[in-house]
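*Asks:* After the structure tokens below, expect a handful of questions from me.
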Ligand SMILES: [Zn+2]
């Protein structure tokens, strides 16, 4: 079923987050473990699963709830447009090929994600439009600038949102490099710039090094307790990024359900 994003403006939808066992290679290397990882998010109340490959999309579609959606995700190119490592024409072509492979597995929508240059995002959006008729969302990574509300390219959140909306995105969003606290400001700025649905995928707090391991400091309860401010700021879809476990999403789903009922 193709996803009409308008479904996400009535109540807040919960998405998934990345796990070690659901990485890019996992759908091929260990499909059962991959599916079990995604299943944990469904049990935690997630209605949206994201997959980075055709194999991943198929495995997610096998288990998704009838009321849920599987997004085929396109991440950033390994080559940087602004550094002239790739031309705009070549980037457009590369995106079209990547999206072409995803849509063979029939995702419900396309999500362009973790992009830190709006020029790349707009090209990728154009490629998706040319490759399919699905709804296309674009989620950017901010975290730079005074209030952490700029991309590394120095593009402000409101300006980026207006560019994406003008280029025909069906949904805008932000992911990675920010805790829930920081993402509240970004969602608020995005909401001032557009009426489109907004998705947000924060990390589980700040990153710390403990015993030579990178950890994210927020407990599921801390993470979820801040969700109402994200909803108040205008978020329609909330998922997770670095350090966010199914337990975080289960707590979040509970809190968000209370927000809907209120
Ligand atoms: Zn992250």
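The values are calculated or read from the model by the stated rules, or taken from the named source; none is laboratory data. On a predicted model such as this, the values are computed, not experimentally measured, just so you know. Note that we place each Cβ from the backbone using ideal geometry, even for glycine, and neighbour counts take in every protein chain shown.
*Asks:* Can you name every residue in segment 12-23 that is closer than 25 Å to residue 230 by Cα and either within 16 Å of the ligand (Cβ to nearest atom) or in a loop (DSSP other than H, G, I, E, B) (or both)?
*Replies:* 12, 15, 16, 17, 18, 19
*Asks:* Oh, and also: Mind checking which pairs have a first residue in segment 232-248 that is under 15 Å from residue 172 (Cα atoms) and without any contact (Cβ under 8 Å) to a residue 40 or more places away in the chain and a second that is assigned to a loop (DSSP other than H, G, I, E, B) and more than 8 Å from the ligand (Cβ to nearest atom), Cβ under 7 Å, 6 or more apart or different chains?
*Replies:* Here the result reads none, with nothing in segment 232-248 linked to a residue that is assigned to a loop (DSSP other than H, G, I, E, B) and more than 8 Å from the ligand (Cβ to nearest atom).
*Asks:* Still on this model: Give me the residue from segment 77-114 that is in contact (Cβ under 8 Å) with a residue 40 or more places away in the chain, within 20 Å of residue 156 (Cβ to Cβ) and buried (at least 17 other Cβ atoms within 10 Å of the Cβ) and, out of that set, farthest from the ligand (Cβ to nearest atom).
*Replies:* 81
*Asks:* Which members of segment 29-48 meet the condition of being in a loop (DSSP other than H, G, I, E, B), under 27 Å from residue 254 (Cα atoms) and either within 16 Å of the ligand (Cβ to nearest atom) or out of contact with any strand residue (DSSP E or B) (no Cβ under 6 Å at 6 or more places or on another chain) (or both)?
*Replies:* 44
*Asks:* So, in segment 230-262, exactly how many residues are part of a loop (DSSP other than H, G, I, E, B), within 22 Å of residue 189 (Cβ to Cβ) and more than 16 Å from the ligand (Cβ to nearest atom)?
*Replies:* Selection size over segment 230-262: 3.
*Asks:* Listed residues 136, 187, 200, 215; which is touching a strand residue (DSSP E or B) at 6+ places or on another chain (Cβ under 6 Å) and surrounded by fewer than 21 Cβ atoms within 10 Å (Cβ to Cβ)?
*Replies:* Checking each option against the conditions leaves just 215.
*Asks:* Okay, next question. Answer yes or no as to whether residue 178 is within 16 Å of the ligand (Cβ to nearest atom) and touching a strand residue (DSSP E or B) at 6+ places or on another chain (Cβ under 6 Å).
*Replies:* So residue 178 fails the test.
*Asks:* Please give the number of the condition residue 148 fails out of (1) within 16 Å of the ligand (Cβ to nearest atom); (2) touching a strand residue (DSSP E or B) at 6+ places or on another chain (Cβ under 9 Å); (3) in a loop (DSSP other than H, G, I, E, B).
*Replies:* (2)
*Asks:* Can I ask one more? Within segment 57-76, take every residue that is within 17 Å of the chain's Cα centre (by Cα) and part of a helix (DSSP H, G or I) and give me the one that is surrounded by the fewest Cβ atoms within 10 Å (Cβ to Cβ).
*Replies:* Once the filter is applied, the top-ranked residue is 57.
*Asks:* In the list 26, 51, which residue meets the criterion of being farther than 23 Å from residue 173 by Cβ, more than 16 Å from the ligand (Cβ to nearest atom) and crowded, with 21+ Cβ neighbours inside 10 Å?
*Replies:* Answer to the selection: 26.
*Asks:* For segment 77-110, name all the residues that are closer than 21 Å to residue 140 by Cα and under 20 Å from the mean Cα position of the chain (by Cα).
*Replies:* 77, 78, 95, 96, 98, 99, 102, 107, 108, 109, 110
*Asks:* Since residue 150 meets every condition but one in (1) out of contact with any helix residue (DSSP H, G or I) (no Cβ under 9 Å at 6 or more places or on another chain); (2) without any contact (Cβ under 8 Å) to a residue 12 or more places away in the chain; (3) surrounded by 19 or more Cβ atoms within 10 Å (Cβ to Cβ), which condition does it not meet?
*Replies:* For residue 150, the failing item is (1).
*Asks:* Something else: Can you tell me which of 247, 175 is at pLDDT 95 or above, crowded, with 18+ Cβ neighbours inside 10 Å and within 25 Å of residue 39 (Cβ to Cβ)?
*Replies:* 175
*Asks:* What residue, among those in segment 197-229 that are out of contact with any helix residue (DSSP H, G or I) (no Cβ under 6 Å at 6 or more places or on another chain) and assigned to a loop (DSSP other than H, G, I, E, B), is nearest to the ligand (Cβ to nearest atom)?
*Replies:* Only one residue fits best here, namely 203.
*Asks:* Taking only pairs six or more apart or across chains, which ones have beta-carbon atoms under 9 Å, a first residue in segment 171-188 that is within 14 Å of residue 114 (Cα to Cα), and a second residue that is within 13 Å of the ligand (Cβ to nearest atom) and part of a helix (DSSP H, G or I)?
*Replies:* Pairs that qualify, where the first residue is within 14 Å of residue 114 (Cα to Cα) and the partner is within 13 Å of the ligand (Cβ to nearest atom) and part of a helix (DSSP H, G or I), are 174/183; 175/183.
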